[in-house]
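A short worksheet on the structure shown next.
The values are calculated or read from the model by the stated rules, or taken from the named source; none is laboratory data. All figures in this text were calculated on a predicted structure; none of them were measured in a lab. Methodologically, a virtual Cβ is constructed for each residue, glycine included, from the backbone with ideal geometry; neighbour enumeration extends over all protein chains shown. These area figures cover heavy atoms from the full protein model, side chains too; ligands, DNA and RNA do not enter into them. Shrake-Rupley method; radii C 1.70, N 1.55, O 1.52, S 1.80 Å.
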Amino acid sequence: MTPTNPTTSTDALAEVASDPDTIDRHFPAAARTAAREGRDGDAAREALLLAVPGPAAYVVDVVRRVYDHGDAAERRAVLLALPALDAPDRPDPIGDTALPIVRDALRTNDTRLVAAALGPYAAAHLDDDAWRQAVLKVLFTGIPVEQVAGLADRADDELARMVRDYAAEREAAGRVVPPDARTVLALAHRAD
């Protein structure tokens, strides 16, 4: 018996481009395939998502399906790919239509997903209230604020007020205020 050759990343991209439903098979295996080829798994998964043809609404439906059925690494890869799917040079950027995916990730306790959710896509599309709450979650969970895309641009007086309240509650409870709280406050004051 001759062993069959494993699917390559190039084969997977071609299949997804011609039959988007094959992404359900290729997306979970993409990191292993990429590792075998000496490539980055997140980049391979992003390429698969970018290969999905069709209008933005259809692409987001496929992206949502992959996210919903994925494990944590697959969900993280979806979140990391959102800026590329929304790039202005794409024929049909997704706009804010993938925000439900970001909101779902922000509700988790998985710091890898929360950090990935607060990338450039969220910075561009998440409304101010949700974005501020997400920044507070970053402080609560110990995610470095440097991972929050657009923090210097979006930090404002309301975020500063929320962070001051958070810091006061921590101090009143005898807990340490994370240094990142001061970073956020400095950025908010600089934005004045």
Using bins 10 angstrom wide from zero, how does P(r) for the chain break down, in % of all Cα pairs?
9, 32, 29, 17, 9, 2, 1, 0
Would you be so kind as to identify which of A34, L139, P120 lies farthest towards the positive end of the dipole of the chain, taking Lys and Arg as +1 and Asp and Glu as -1 on Cβ and the Cα centre as origin?
L139
Heavy-atom accessible surface of the chain: percent carbon and sulfur, 1.4 Å:
53
Eigenvalues of the alpha-carbon gyration tensor of region 128-192, times 5 and square-rooted, give semi-axes in Å, largest first, of 18, 12, 10
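Based on DSSP H runs of at least 4 residues, each adding -39500 (n - 2.57), what is the mean residue ellipticity at 222 nm of the chain after dividing by all its residues, to the nearest 500 deg cm²/dmol? Provide the component values of the computation, followed by the final result.
Working: 12 runs with 130 residues, N = 192.
Result for the chain, helices only: -20500 deg cm²/dmol.
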Which of the helices in the chain, when you take each full DSSP H run, stretch at least 18 Å along the axis at their Cα atoms and have an average Kyte-Doolittle score of 0.0 or higher?
56-69, 72-85, 128-141
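Mind checking the per residue accessible area of region 128-192 for me, 1.4 Å probe, whole number of Å²?
On the way: 3590 Å² over 65 residues.
That works out to 55 Å² for each residue.
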With DSSP loop assignment and no more than 10 other C-beta atoms within 10 Å, the trypsin sites (Lys or Arg not before Pro) in region 6-72 are none
